Amino acid sequence: MSNDKNYSLSADIYIILLLACSIMTAIFVGISANLMILNCVFLAITCFLVLVTYFVGLLAGLIFNLLFIFVQGSYVLYADVVLGQELNLWLIGWLFLPLLWSVLIHLMTNNLRDLQDENQRLKEANARSLGYNSETDLRTMRSYRQDAEVFIETHKRFAIPVATGIISIRYFRQIMNLLTTEQQHHLVKRLSKILADGFRNNDIVYSLEGIGGTPQWAVLLFADYEGAMRAMDRIKQRVTELLQADEELGEYEIQISIGVVEYDPDKIANISEFIAAAQRVVQYDV
């Protein structure tokens, strides 16, 4: 809540500054109506400098502003010293107005970007709190643990075998070093889609990590160890085939590692041990 107030306050301040700058420019142009042609020219130059600052950046905007100040100052000095023309004090105002507008637009643009980034972070945080990964369109560790409890309770009541599988990208760090950022995100999304489509409807797939760490996927299955391994091996082959056929990733030899653990109440005391056991097993699939 406090962050929202801070951002709103900043936006209000920038709006006030923008209005003040607009009023000041309008008053300045109105008072110097006898210099209408020059005012129009300087307004056009100001718009150009603002556009440079907006699209290229503050450094480029400042360089062009300094160049404009140098050219205008040189002309005023030449007209006063060489030509003997009387110095028009109103021209001095146009030395600073373009610079003021450029800096103000840059600050407003940065504030808008900050608001957009904050909004995106809030959306992602909200999605994570709800147990959903917005990047992969899959449930997260939060949902994985909750659903695992349901699967295990079903096993205890109806003696239905329950297993979990963990999927990771083999040689993840080496593969990521070969891919661009866009390809990394594409790989995670593509692999998530393949896994989500490859299992049965009652076998739920989860995304446990994101791009920032080592991504892993998990699946809960109503199956014994042998049945879960058959399903995982089938998925492993399917992933290899589809990634090799992918236009962006086909040139890289991307493979996955799998680990499967069947729930055994005599060996596994709780959900955490169940998940940890599967994550340990996947490390040995080479």
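All of the numbers you see were taken from the coordinates with simple rules; none came from a lab. On a predicted model such as this, the values are computed, not experimentally measured, just so you know. When we count neighbours, we look across all protein chains shown, and the Cβ atoms used for this are built from the backbone with ideal geometry, even at glycine.
Observations on the model:
- Excluding same-chain neighbours fewer than eight residues apart, the aspartates and glutamates reachable from LYS193 by a Cα-Cα span under 18 Å are GLU135, ASP137, GLU182, ASP203, GLU209, ASP233, GLU241, ASP246, GLU247, GLU248.
- For the stretch 137-151, putting each phi into the Karplus relation 6.51 cos²θ - 1.76 cosθ + 1.60 with θ = phi - 60° gives couplings of 6, 10, 6, 10, 4, 4, 5, 4, 5, 5, 5, 4, 4, 5, 4 Hz, in residue order, rounded to whole numbers and with x for Gly and Pro.
- Residues listed by number, the stretch 61-76, amide nitrogen under 12 Å from LEU95 label point at 7 Å toward C-beta: 69-76
- Long-range HN-HN contacts of ILE256 with modeled amide H, under 5 Å: ARG170
- Taking amide hydrogens as placed 1.01 Å from N in the peptide plane, the amide H of ALA223 sits under 5 Å from those of VAL162, ALA163, each at least 5 positions away in sequence or on another chain.
- Vicinal HN-Hα couplings computed from phi for the stretch 101-113 (Karplus, 6.51 cos²θ - 1.76 cosθ + 1.60; Hz; Gly/Pro x): 5, 4, 5, 5, 5, 4, 5, 5, 5, 4, 5, 5, 5
- Close amide H partners of ARG139, meaning residues 5 or more places away or on another chain with modelled amide H under 5 Å apart, are ASN133, SER207.
- A DSSP coil position with no more than 13 other Cβ atoms inside 10 Å describes the following trypsin sites (Lys or Arg not before Pro) in the stretch 225-275: LYS267.
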